[in-house]
Amino acid sequence: METTQAFVGLECVDCGATFDAADATHRCPDCDGILDPQYEYDAIDLDRETLASRPFDSMWRYEELLPFAREAAVTMDEGATPLVECPSLADEFGVGRVLIKDEGRNPTGTFKDRGQTVAVTAATQHGASEVALASAGNAGQAAAAYAGRAGLESHVYLPSRSGFTNKAMVNVHGGDMTVVGGRIGDAGAAFEEGLAEHDDWYPLQTFVTPYRHEGKKTMLYEIVEQLDWETPDVITYPTGGGVGLIGMYKAAREFRDLGLIDELPALYAAQASGCAPIVEAFEEGRAEHEPVEHPDTICGGLEIPDPGASPWILEALRETDGGAVATDDPDILEAGVQVAKREGLEMVPSSAAAASGAWELAERGEFDGDETVVILNTGAGNKEADVLRSHLMSQGV
Ligand SMILES: Cc1ncc(COP(=O)(O)O)c(C=O)c1O
Ligand SMILES: [Zn+2]
């Protein structure tokens, strides 16, 4: 296996056992816990000047903090997305600055590319020839794209409610697609059946592969560097499984431990009221979520009723002095429309929850007035333009 110098292997977040990344490929062989890539941070020699001297051209410019070298990566120069100033929102929220990290500019239009570039690279390193996953849509599209690029076959299970663009593009990338009637849980069950019948499928499922949250770390590295090493006060993140939130939490601690920043940004999980297990657990002071029995939100990426990594997500919110906020679907769609109208930026509905959540925090008076607030736009609005447009129709427009 070709790994970076400081990458030492995988540690189980549940039992603490450590494994060589060549042997352990997915969940913990001892307890089935989540495996997390580990580094010898003393061996990493990264300072602000070194990073500034590199072109801002890909998330792989942080390769010392990733398991694989850029040279070995299955990459389309994903990441390096703009952090766009939003003065009208800053005015509206009554804060110093609002910036949107626009992940819609990624190769397949979402931040899922950051996870799949690392996970598919791991698959090639492990000698896989077929990869598989269940997805609400965007991760499946990204997986099909990266698998195609690597010459791997992909098997993608999507729920019938996932968007047309996702389904069309899985096919266009040459993926083998199974559309399952129902919701993400139904697609997940069909995927498990498929996996049980095919020993050689390499799962790309979040927190089954240790590498998707690892790729998402780079969002935080970029945000901090784009702010000239100022740590934002607040980051709102549209939270389903919490993969990106955990990635950013890990990244912030790494940058702090490397002496590149002093403080952690307050991380806020934004969810849709129709499926808000993290918000409920946070508000009730619990260390773990309780599964949502009847999840129902138009935000497909957020309709995750049973997020297995909830203890880690809740730790991130509490350790960073952040929080959790849920808003209703109509407010989320309205936030997406308002951002498009006022700032020009196009947010996919799932991601508009992060804007809606920030709006709600402002309305609750949670901001002092001088904060720098970063909102994650995890996906391009045109992925679900029909959903945004139909919100206007509900208003008679
Ligand atoms: C556009 C979009 N935003 C947010 C999410 C949720 O991401 P996470 O699993 O990191 O919480 C998804 C997941 O499907 C998504 O597609
Ligand atoms: Zn374990």
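Pick out which of Ala196, Ala251, Ala145 has the largest mean-square fluctuation in a Gaussian network model of the chain, springs linking Cα atoms closer than 10 Å.
The residue with the greatest mean-square fluctuation here is Ala196.
Using +1 at the C-beta of Lys and Arg and -1 at the C-beta of Asp and Glu, which of Val374, Ile261, Ala309 has the Cα lying farthest in the positive direction of the dipole of the chain?
With unit charges placed on the Cβ atoms, the residue in question is Val374.
Given +1 on the Cβ of Lys and Arg, -1 on the Cβ of Asp and Glu, and no further charges, what dipole in debye does the chain carry about its Cα centre, rounded to the nearest 20?
So the dipole magnitude of the chain works out to roughly 1200 debye.
Quick one: length gained pulling Asp14 to Asp45 fully straight, 0.36 nm per residue minus the C-alpha distance?
Here the answer is 8.2 nm.
Would you work out which of Thr18, Gln38, Ala52 lies farthest towards the positive end of the dipole of region 7-59? Charges go on Cβ: Lys and Arg +1, Asp and Glu -1.
It is Ala52.
So in the chain, what percent of DSSP beta bridges are antiparallel if you round to the nearest 5?
30
Determine, for the chain, the count of lysine pairs separated by eight or more sequence positions (or lying on different chains) whose alpha-carbon distance falls under 12 Å.
Qualifying lysine pairs in the chain: 5.
Give me, ordered by chain and number, the residues 5 or more places off Asp36 or on other chains with an amide H under 5 Å from its own placed amide H.
Excluding prolines and chain starts, which carry no amide H, the hits are Glu11, Cys12, Val13.
Short version: ³J(HN,Hα) in whole Hz for each residue of region 295-311, in order, from phi by Karplus 6.51 cos²θ - 1.76 cosθ + 1.60 (θ = phi - 60°), x for Gly and Pro, what are they?
x, 7, 8, 6, 7, x, x, 9, 7, 10, x, 9, x, x, 8, 4, x
Compute for the chain: radius of gyration divided by Kirkwood radius, i.e. Rg/Rh, restricted to C-alpha atoms, rounded to two decimals.
We get a ratio of 0.94 for the chain.
What distance in nm lies between label points placed 7 Å from Cα along the C-beta direction at Lys341 and Glu319?
That separation, rounded to one decimal, is 4.1 nm.
With labels modelled as points extended 7 Å from the Cα through the Cβ direction, what inter-label distance (nm, one decimal) is found for Glu2 paired with Glu283?
5.0
Could you calculate, for region 276-350, the ratio of the Cα radius of gyration to the Kirkwood radius, expressed as Rg to Rh?
Rounded to two decimals, Rg/Rh equals 1.03.
With the Cα gyration tensor of region 129-199 in hand, convert its eigenvalues to equivalent ellipsoid semi-axes via √(5λ) and list them largest first in whole Å.
17, 15, 7
Under 5 Å between amide hydrogens, which residues at least 5 positions from Ala132 or on another chain qualify, with H placed 1.01 Å from N in the peptide plane?
Amide H neighbours of Ala132, under 5 Å, 5+ apart: His155, Tyr202, Leu204.
Taking the Cα centre of region 129-199 as origin, work out the dipole magnitude from +1 charges on Lys and Arg Cβ and -1 charges on Asp and Glu Cβ, in debye rounded to 20.
Rounded to the nearest 20 debye, it is 460 debye.
With the crude spin-label approximation of a point 7 Å out along Cα→Cβ, what separation in nm comes out for Glu293 versus Gln395?
The two pseudo-label positions are separated by 3.5 nm.
Could you work out the equivalent-ellipsoid semi-axes for region 7-59, taking the square root of 5 times each eigenvalue of the Cα gyration tensor, largest first, in whole Å?
30, 12, 9
Taking the Cα centre of region 284-336 as origin, work out the dipole magnitude from +1 charges on Lys and Arg Cβ and -1 charges on Asp and Glu Cβ, in debye rounded to 20.
Dipole magnitude for region 284-336 comes out near 200 debye.
Read the figures in this text as sums done on the coordinates, not as results from a lab. Keep in mind it's a predicted model, so treat the numbers as computed, not measured. Cβ: placed from backbone, ideal geometry, glycine included. Neighbour counts: every protein chain shown.
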